[in-house]
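Written below as structure tokens is the structure these notes are about.
The values are calculated or read from the model by the stated rules, or taken from the named source; none is laboratory data. Worth saying up front: this structure is predicted, and the values here are computed from it rather than measured. Positions of Cβ are backbone-derived with ideal geometry, glycine not excepted, and every protein chain shown enters the neighbour counts.
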Amino acid sequence: MNVKHVSTGVPRSVSRCSQRAGGVNAVCHSYTGGVVKVGSDVMGQPKVVPIYWGNTVNGNSALKLAFDQFFSELLYSNYCDRLTQYGVQQPLVMPSHAIAGSATSVSYSDVGSQLSTWFANGTVPPPPVTDALNYYYVILAPPGATIGQAGECGYHNNTVLTLGIGPAPVYVDLAWGLVYFPKPAAGATPVSIVNSVCYCLVHEMVEAFTNPRGQGWSVNVPASGGNAGQNCEIGDLCETKTQHAVGRWNVETYWSNQDKGCVGNFASDWTSLGAPPTGVLGAPVVGHNADGRLEFFVVSNDGNLWHRWQTAPSGSWSSWETLAANNPGLASTLRVGNNADGRMEVYGMQEGSLWHVWQTAPSNGWSSGGSLGAPDGGLIGVISVRNNHDGRLEIFGVGTDRQLHHIWQTSPNNGWSGWQTLGGLPPGASAGDPRVVNNADGRLEVFLFGNDQNIWHIWQTSPNNGWSGWASLGKPPVQITNGAPFVGNNADGRIEVFVTGNDGGIYHIWQTSPSNGWGSWAQLQSALPGVQLDGLGAVTNNADGRFQVFFIGSDGALWTMAQSSPSNGWLSVHFLDAAPIATSMNAVQIPGTGRNANGTLTALVRGSDGNIWQITQIWPGEPWGQLVTD
């Protein structure tokens, strides 16, 4: 492509590496009058293109991964939420580029020329002309190269280029930021290296979103206290404030007219709930008492069953207690259901057979437990449990014969049938762990992942009765990586099925009407730079019926997506903040989820420190933490 550099403007909003009160932005630091709308030039939905220029990142896959994860985790967190008041919607992170090179200094005109060269030789794809004004190129200078006067760590700017598209050149005015990259100290970790530059990087980025070419949001602050007057942007007004953490990253706050102060992320409400004395073997499962109190269950490393419960609906938690008087020797994965009268019942695998324990009265004490046996040859994998339309519990599991077996209560709240088979999948489609859900008319429907990469299902032909044969829902256009689908009901009753793909994305398929036919597979969310969304997931419903889907990313953090309205549309993926340092989650575990009596959702995970960690919505359907202000 023929690309020409036409002109580059004068740098705006030069930020200081030391964040000290002096310097070019000194008059901005004490100003509290906010910013004003100078013009209408803001990025409606920024597309951020990270460029790592220099040999330190190029060829260092661990450092590049850390930078990529920083951009994804920051820009898909609540940190950006307050930018909507300035007309900036959810930013998108584009693929990054690590480019070899070295320099002792880089000027703003050098950046304009370098961008045109990278576009021309294909090193960096040029932006689409129709959306070029929403692209922001954030450039890390070669390590140690000066980018301005001593002490300056970054600025943002814009460059006019011509792109040789069609019979006549097309002019584009691109926004970019240049950030000083100090040479990393010997032995520095990738996270510490990112943190050495990210506060300046973020300062320039939020200003470029809201004032990319000088006709967006800023304020002219007159001279005072011996400091010269200055045009100040939303980062300048908060440059000397306390940094705040977004997961692993320490970033600056920015000015919010709405809050009349400097704001940052919604601070994580992750809370450690500890662990039994012998540790936790697997992921927690969450149950609901009849009185609305949540209760969660885990298997300890010695095979015993432990639990904690809310002492009041939506309230604090009890201490840890064992549930089984005699250690049943359970495997790690549990399931929980509710009897028709509200009593909880917990199920776990015990050397190939199924063990269960139940409340003796709703929201009250527990039995001593017992065995439900197993089909001939035993069970493998994980069972699934659901209530029939008449309230009877029914359990599904795969046997060693790779057929789906089930057992059910013969009447609500009462005894159990023997194990029976629902048959196996067609030849070449061996069954994985089942998942069961109710249709809108009450009929049960079971889903499982076949080793032929298809999702298979079988359903009751009428509520509480009879079964169809097996049918395939097909598969997404990529290989499925999670061993079982996760399924749920929309607010209108339609079933929806979710899986993760080997491209790091999330795929789904849904009924086109309640209790009826199915649409086609579609991608719900693509992989993010540095983050594969390929762990197992969970799905639940907000108080208003909207789906909330959870999954653990390859970065060890919990991510979530919610529908934008009940039974319809989706909001952007959101980073729920990493659990505290060194407690990342295991990407193959399933988050435990529950809805409190007050309508807020709670998610529970097992951290790599062996403890159970909890995060809860602040109010129903809304953020998962309190807004950080300074």
Hey, which of the strands (runs of 3 or more DSSP E) in segment 256-366, taking only ones fully inside, have at least 3 residues that are in contact (Cβ under 8 Å) with a residue 60 or more places away in the chain and touching a strand residue (DSSP E or B) at 6+ places or on another chain (Cβ under 7 Å)? 261-268, 285-288, 294-299
How many residues are among the hydroxyl-bearing types (Ser, Thr, Tyr) and closer than 22 Å to Leu74 by Cβ if we restrict to segment 493-550? 1
Identify the residue in segment 394-404 that is out of contact with any Lys or Arg (no Cβ under 9 Å at 6 or more places or on another chain) and in a strand (DSSP E or B) and, among all such residues, is surrounded by the fewest Cβ atoms within 10 Å (Cβ to Cβ). Gln403
Kindly provide the set of residues from segment 486-497 that are within 15 Å of Gly519 (Cβ to Cβ) and modelled with pLDDT under 95, ordered by number. none
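Determine if segment 538-553 includes at least one residue that is among the aliphatic types (A, V, I, L, M), outside any loop (DSSP other than H, G, I, E, B) and farther than 16 Å from Val437 by Cα.
Here is the first cut: in segment 538-553, the ones among the aliphatic types (A, V, I, L, M) are 538-539, 543, 549, 552.
Next, from what is left, pick out any that are outside any loop (DSSP other than H, G, I, E, B): 538-539, 549, 552.
This time we only want the ones that are farther than 16 Å from Val437 by Cα, so: 552.
Yes - at least one qualifying residue is present in segment 538-553.
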Report whether or not Gly216 is under 30 Å from Val36 (Cα atoms) and at pLDDT 95 or above. yes
Determine whether segment 577-591 contains at least one residue that is closer than 27 Å to Ala312 by Cβ and of a type in the set (D, E, K, R). yes
Checked against (1) farther than 16 Å from Met344 by Cα; (2) in contact with an Asp or Glu (Cβ under 6 Å, 6 or more places away or on another chain); (3) of a type in the set (S, T, N, Q), Gln403 satisfies every condition except (2)
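Does Thr242 satisfy being assigned by TED's automatic domain parsing to the domain that holds Leu65, hydroxyl-bearing (Ser, Thr, Tyr) and either in contact with a Gly (Cβ under 6 Å, 6 or more places away or on another chain) or within 16 Å of Glu204 (Cβ to Cβ) (or both)?
So Thr242 does not fit the description; no.
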Please work out if Cys198 is assigned by TED's automatic domain parsing to the domain that holds Ser72, more than 21 Å from Val27 (Cα to Cα) and in contact with a strand residue (DSSP E or B) (Cβ under 7 Å, 6 or more places away or on another chain). yes
Starting from segment 617-630, take each residue that is within 19 Å of Val251 (Cα to Cα) and list its partners that are surrounded by 14 or more Cβ atoms within 10 Å (Cβ to Cβ) and of a type in the set (Gly, Ala, Ser), counting only C-beta distances under 7 angstrom and pairs at least six apart or across chains. Gly625/Ala267; Gly625/Ser268; Gln626/Ala267; Val628/Gly264; Val628/Ala267; Thr629/Gly261; Asp630/Gly261
Kindly establish whether Leu305 is over 21 Å from Asp609 (Cβ atoms), out of contact with any His (no Cβ under 9 Å at 6 or more places or on another chain) and not assigned by TED's automatic domain parsing to the domain that holds Ser30. yes
Val42 fails exactly one of (1) surrounded by fewer than 20 Cβ atoms within 10 Å (Cβ to Cβ); (2) in a loop (DSSP other than H, G, I, E, B), namely (1)
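Taking strands (runs of 3 or more DSSP E) that do not extend beyond segment 69-178, which have at least 3 residues that are surrounded by fewer than 22 Cβ atoms within 10 Å (Cβ to Cβ) and modelled with pLDDT of 90 or more?
Working: elements: 97-99, 135-140, 152-163.
Passing ranges, in order: 97-99.
Out of Gly9, Gly54, report the one residue that is under 29 Å from Pro190 (Cβ atoms) and at pLDDT below 95.
Details: Gly9 fails: under 29 Å from Pro190 (Cβ atoms).
Being under 29 Å from Pro190 (Cβ atoms) and at pLDDT below 95 holds for just one of Gly9, Gly54, which is Gly54.
In the list Trp306, Trp355, Trp249, which residue meets the criterion of being under 20 Å from Gly397 (Cβ atoms), modelled with pLDDT of 90 or more, of a type outside the set (S, T, N, Q) and surrounded by 19 or more Cβ atoms within 10 Å (Cβ to Cβ)?
Numbers: Trp306 fails: under 20 Å from Gly397 (Cβ atoms); Trp249 fails: under 20 Å from Gly397 (Cβ atoms).
It is Trp355.
Working only within segment 179-193, note down all residues that are among the aliphatic types (A, V, I, L, M) and buried (at least 21 other Cβ atoms within 10 Å of the Cβ).
As a first pass, look at segment 179-193 and keep what is among the aliphatic types (A, V, I, L, M): 179, 185-186, 188, 191, 193.
Selection gives Val179, Ile193.
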Sort through Pro477, Pro485, Pro463 and tell me the only one that's over 30 Å from Val531 (Cα atoms) and touching a residue at least 40 places away in the same chain (Cβ under 8 Å). Pro463
Quick check on my filter: what residues within segment 612-622 are crowded, with 16+ Cβ neighbours inside 10 Å and either farther than 8 Å from Leu601 by Cα or at pLDDT below 85 (or both)? Ile612, Trp613, Gln614, Ile615
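Being outside any loop (DSSP other than H, G, I, E, B) and under 16 Å from the mean Cα position of the chain (by Cα): is that true of Gln563 here? Don't jump to the end; show me each part of the working.
Details: outside any loop (DSSP other than H, G, I, E, B): yes; under 16 Å from the mean Cα position of the chain (by Cα): yes.
When the stated conditions are applied, Gln563 passes them.
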Counted residues, segment 575-608 - those being buried (at least 16 other Cβ atoms within 10 Å of the Cβ), farther than 25 Å from Pro485 by Cβ, modelled with pLDDT of 85 or more and not β-branched (Val, Ile, Thr): 3
